[in-house]
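For reference, the structure is listed below as structure tokens.
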Amino acid sequence: KQEVTQIPAALSVPEGENLVLNCSFTDSAIYNLQWFRQDPGKGLTSLLLIQSSQREQTSGRLNASLDKSSGRSTLYIAASQPGDSATYLCAVRKETSGSRLTFGEGTQLTVNP
Amino acid sequence: EPEVTQTPSHQVTQMGQEVILRCVPISNHLYFYWYRQILGQKVEFLVSFYNNEISEKSEIFDDQFSVERPDGSNFTLKIRSTKLEDSAMYFCASSARGGTNTQYFGPGTRLTVL
């Protein structure tokens, strides 16, 4: 059974700092990995999708990398801003599980002005 | 920008009652999903739906649950006899195609079972 773990559970940084969020998964037979942002009491906003054949994806100040063989992904946020404060979730789609996404528990990020 | 919408935003019901949660997926999408998130826990997959039938369901999605696409725009989740443990945020999602595509999530319906 696929398990997804995110470290750290919570992170507090000063504005302007570059930071890295980590995601690991136990079964490397994944189809793709998706990073989401969740604001308190709100839905999930898709940030980046990385296919299993890709190494990284970039969108603005966000860069996500994927090392499928080691079961790891990182989300790099450059020049963090208070508006980046949210919970960041990673989710993987396993090769043989249809379209089901399996989620990690998230990293709660606080960027202090 | 197209988005997934869900109604109601908050539903309060008595244990044993039936509830229907409604979703309008992005218009040209073909795959539809329901997930739920119990407070303080991970987001969990419930069911996926394609071509007017369930394509995959989790162990959570038992006989109390059903999904339907009653018309060309709505996608519904019905819980026949709610239990206290059904209290959660329920998210609808859609994707243009299957697993290779980004899943776009709605804002969720908070279901509270008393």
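When A:T58 is evaluated against the numbered criteria (1) without any contact (Cβ under 8 Å) to a residue 24 or more places away in the chain; (2) under 27 Å from B:Q37 (Cα atoms); (3) assigned to a strand (DSSP E or B), which criterion, by number, is the only one it fails?
(2)
Residue-wise test of (1) in a strand (DSSP E or B); (2) at pLDDT 95 or above; (3) not hydrophobic (A, V, I, L, M, F, W, C).
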{"site": "B:E3", "(1), (2), (3)": "no, no, yes"}
{"site": "B:M15", "(1), (2), (3)": "no, yes, no"}
{"site": "B:R22", "(1), (2), (3)": "yes, yes, yes"}
{"site": "B:I26", "(1), (2), (3)": "no, no, no"}
{"site": "B:H29", "(1), (2), (3)": "no, no, yes"}
{"site": "B:W34", "(1), (2), (3)": "yes, yes, no"}
{"site": "B:G40", "(1), (2), (3)": "no, no, yes"}
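With respect to A:S53, determine if the residue is over 10 Å from the mean Cα position of the chain (by Cα), modelled with pLDDT under 95, more than 27 Å from B:G108 (Cα to Cα) and within 14 Å of another protein chain (Cβ to nearest Cβ).
Yes: the conditions hold for A:S53.
Could you look through region A:37-46, keep only residues that are assigned to a strand (DSSP E or B) and free of Cβ contacts under 8 Å to residues at least 40 places away in the same chain, and pick out the one that is nearest to A:K68 (Cα to Cα)?
By that ranking, first place goes to A:S46.
Identify the residue in region A:64-113 that is within 14 Å of chain B (Cβ to nearest Cβ) and either free of Cβ contacts under 8 Å to residues at least 40 places away in the same chain or farther than 24 Å from B:F91 by Cβ (or both) and, among all such residues, is nearest to the chain's Cα centre (by Cα).
A:A64
Can you name every residue in region B:68-101 that is assigned to a strand (DSSP E or B), more than 14 Å from every other protein chain (Cβ to nearest Cβ) and not aromatic (F, W, Y)?
Result: B:E68, B:T76, B:L77, B:K78, B:I79.
Give region A:2-50 a look and list any residue that's on the phi > 0 side of the Ramachandran plot and either surrounded by 14 or more Cβ atoms within 10 Å (Cβ to Cβ) or more than 10 Å from every other protein chain (Cβ to nearest Cβ) (or both), or say none.
A:G16
The values are calculated or read from the model by the stated rules, or taken from the named source; none is laboratory data. Just so it is clear, the model here is predicted, and its values are computed rather than measured. Counting neighbours? That spans all protein chains shown, and the Cβs are built from the backbone with ideal geometry, glycine included.
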